[in-house]
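The values are calculated or read from the model by the stated rules, or taken from the named source; none is laboratory data. Since we're looking at a predicted model, the values are computed, not measured. Cβ placement follows ideal geometry from the backbone for every residue including glycine, while neighbour counts extend to all protein chains displayed. Heads up: the accessible areas ignore ligands, DNA and RNA and are worked out on the full protein's heavy atoms, side chains in. Shrake-Rupley method; radii C 1.70, N 1.55, O 1.52, S 1.80 Å.
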Amino acid sequence: MKTICFNILNGAATQLPSLHQLSDAGVGQNLMHLTPTRDTELIVCGQSQTPLPGIQRRGNGLLPNRGVSPAVLTRGLLRMFYQAGYQIEFNSFNFNVPKPQVIEQEWLSVNQHFGGVNSDCETLVTKHLLPTLTSQAERGCISVLAECGVGGTTFSTFWLRLLTGLRLSPAGSTVDKDKLASKSQILADIEQQYLAQNQQFELDAILANSLFHDDIQKAICALVRQWPSSLPLPHFAGGMMFVAPLLASRQAKHLNQAVKISTTRWVLQGDGFHVLQHFKCDDEINANATSFNVSKLECLNVYEQGVVVEGCGLGGCLVIAEILGWDEQQIIESLEQSVECHLSHFINENNLVEENLLLESNPFLKRSIA
């Protein structure tokens with residue numbers, strides 16, 4: 001039986017001021033670091049388990065931009081692989097964010113979660129991430145490395161501007177003008193602080209100061225530096241969050257073998273296209289062909305509008321599905337099923353809340369039901 005190993009790096013750039021004003025991938029001030037944890041729970045269990053302090057869960061299950069979390073779609077694709085007979089292994093590596101609260105799942109042959117709040121990045125990479133991924137390579141598995149890094153595109157843009165000389169836009173998980181303006185100002189401040197001490201991109205200098213990187217970038221650089229040259233690297237399933245540390249590692253001569261990067265084609269419609277030209281000809285850059293406009297659901301259609309572009313390994317899973325032979329209609333149907341299952345939790349929950357409010361406001365009705 002062929003095995004697909006899905007591995008995800010979770011982190012949040014909480015050192016950035018006002019992180020909640022920079023990204024759509026979260027629920028508010030002082031809560032952004034919970035997003036990667038809750039997304040992993042959503043992929044594994046179908047629902048987020050970690051509570052949001054001070055917030056009563058309501059709503060319709062969609063993001064403020066009318067899209068649906070890519071975690072919902074990644075779950076749908078992994079379940080599609082499982083139902084076709086693939087064995088699915090799931091591992092999360094949590095860099096200074098809470099460890100996901102999950103239970104055993106019949107569809108996952110491996111369901112492991114490492115790290116957590118106050119985890120040491122180097123220890124997590126050396127003791128868990130590196131051994132897990134090298135074992136998958138040695139066993140000949142389809143090994144996917146994804147990421148959920150809130151705020152990380154700010155640092156990725158900073159790195160890539162220095163590495164490529166391109167004046168890249170500060171885009172990420174938002175098209176909100178106010179958030180982009182805030183991100184632009186923070187980028188300018190980071191660049192000014194760094195260039196006051198350094199003339200050009202120096203990987204060791206950047207990794208030595210948390211003002212200039214996030215945990216996921218540091219983890220990728222450490223992983224690549226220690227990776228055995230005899231083994232193929234995993235499929236990097238993500239956009240600029242992986243591109244930046246991979247290009248940086250290659251410049252520092254820590255990365256000598258070819259890489260495979262799988263992302264969504266929406267990433268390539270912006271500055272990503274120009275950035276990816278800096279990879280070598282033997283590197284493999286793949287993007288999905290499946291059109292979300294085929295779907296009957298608006299929350300999928302908005303992906304084609306650039307409102308949501310990537311996250312939680314969605315691009316990598318889409319590319320793998322296409323390589324393994326699923327056609328567009330089959331993929332869309334699996335995504336729609338996952339979305340409808342996800343939204344049903346909120347419909348049922350909201351109905352229950354409304355019933356409870358009605359009972360509290362009408363004692364006679366309460367006695368009649370009893």
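Rundown of residues vs (1) without any contact (Cβ under 8 Å) to a residue 24 or more places away in the chain; (2) on the phi > 0 side of the Ramachandran plot; (3) open to solvent by less than 50 Å² (accessible area, probe 1.4 Å), yes/no style:
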| site | (1), (2), (3) |
| --- | --- |
| Ser119 | no, no, yes |
| Thr123 | yes, no, no |
| Cys141 | no, no, yes |
| Lys177 | yes, no, no |
| Gln192 | yes, no, no |
| Asn198 | yes, no, yes |
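Hand me the list of helices (runs of 4 or more DSSP H) wholly inside region 98-184 holding 3 or more residues that are more than 21 Å from the chain's Cα centre (by Cα).
Correct list: 130-138, 152-164.
Looking at (1) of a type outside the set (Lys, Arg); (2) under 17 Å from Arg75 (Cβ atoms); (3) without any contact (Cβ under 8 Å) to a residue 40 or more places away in the chain, which is the one condition that is false for Asn293?
Only one criterion is unmet by Asn293, namely (2).
If Ser109 meets every condition in (1) at positive phi; (2) surrounded by fewer than 18 Cβ atoms within 10 Å (Cβ to Cβ) apart from one, which number is that one?
The single condition Ser109 does not satisfy is (1).
In this structure, is Ala196 of a type outside the set (Val, Ile, Thr) and modelled with pLDDT of 90 or more?
Yes; evaluated as a whole, the condition is true for this residue.
When region 121-142 is examined, which residues are found to be of a type outside the set (A, V, I, L, M, F, W, C) and either within 10 Å of Asn91 (Cβ to Cβ) or in contact with a Phe, Trp or Tyr (Cβ under 9 Å, 6 or more places away or on another chain) (or both)?
Of everything in region 121-142, those that are of a type outside the set (A, V, I, L, M, F, W, C) and either within 10 Å of Asn91 (Cβ to Cβ) or in contact with a Phe, Trp or Tyr (Cβ under 9 Å, 6 or more places away or on another chain) (or both) turn out to be Lys127, His128, Thr132, Thr134, Gln136.
Among the residues that make up region 99-114, is at least one of them more than 26 Å from Gly76 (Cβ to Cβ) and of a type outside the set (A, V, I, L, M, F, W, C)?
Checking region 99-114: not a single residue is more than 26 Å from Gly76 (Cβ to Cβ) and of a type outside the set (A, V, I, L, M, F, W, C).
Residues are listed down the side, and each one gets a yes or a no for (1) more than 21 Å from Leu203 (Cα to Cα); (2) polar (S, T, N, Q):
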| residue | (1), (2) |
| --- | --- |
| Ser109 | yes, yes |
| Glu122 | no, no |
| Ala146 | yes, no |
| Leu160 | no, no |
| Leu166 | no, no |
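I'm trying to understand the selection: among the residues of region 270-287, which are surrounded by 23 or more Cβ atoms within 10 Å (Cβ to Cβ) and either of a type outside the set (Val, Ile, Thr) or farther than 17 Å from Phe242 by Cβ (or both)?
Within region 270-287, just Gly272 meets the criteria.
Would you please list the contacts, defined by Cβ atoms under 7 Å and residues six or more apart or on different chains, that run from a residue in region 320-341 that is open to solvent by 40 Å² or more (accessible area, probe 1.4 Å) to a residue that is of a type outside the set (A, V, I, L, M) and part of a loop (DSSP other than H, G, I, E, B)?
The qualifying pairs are Glu322/Asn288; Glu322/Thr290; Glu328/Thr290; Glu328/Ser291; Cys341/Gly46.
If a residue has to be within 25 Å of Met32 (Cα to Cα) and either in contact (Cβ under 8 Å) with a residue 60 or more places away in the chain or crowded, with 18+ Cβ neighbours inside 10 Å (or both) to count, how many in region 57-102 make the cut?
32
Quick check on my filter: what residues within region 250-269 are touching a His at 6+ places or on another chain (Cβ under 6 Å) and open to solvent by 40 Å² or more (accessible area, probe 1.4 Å)?
Lys260, the sole residue that qualifies.
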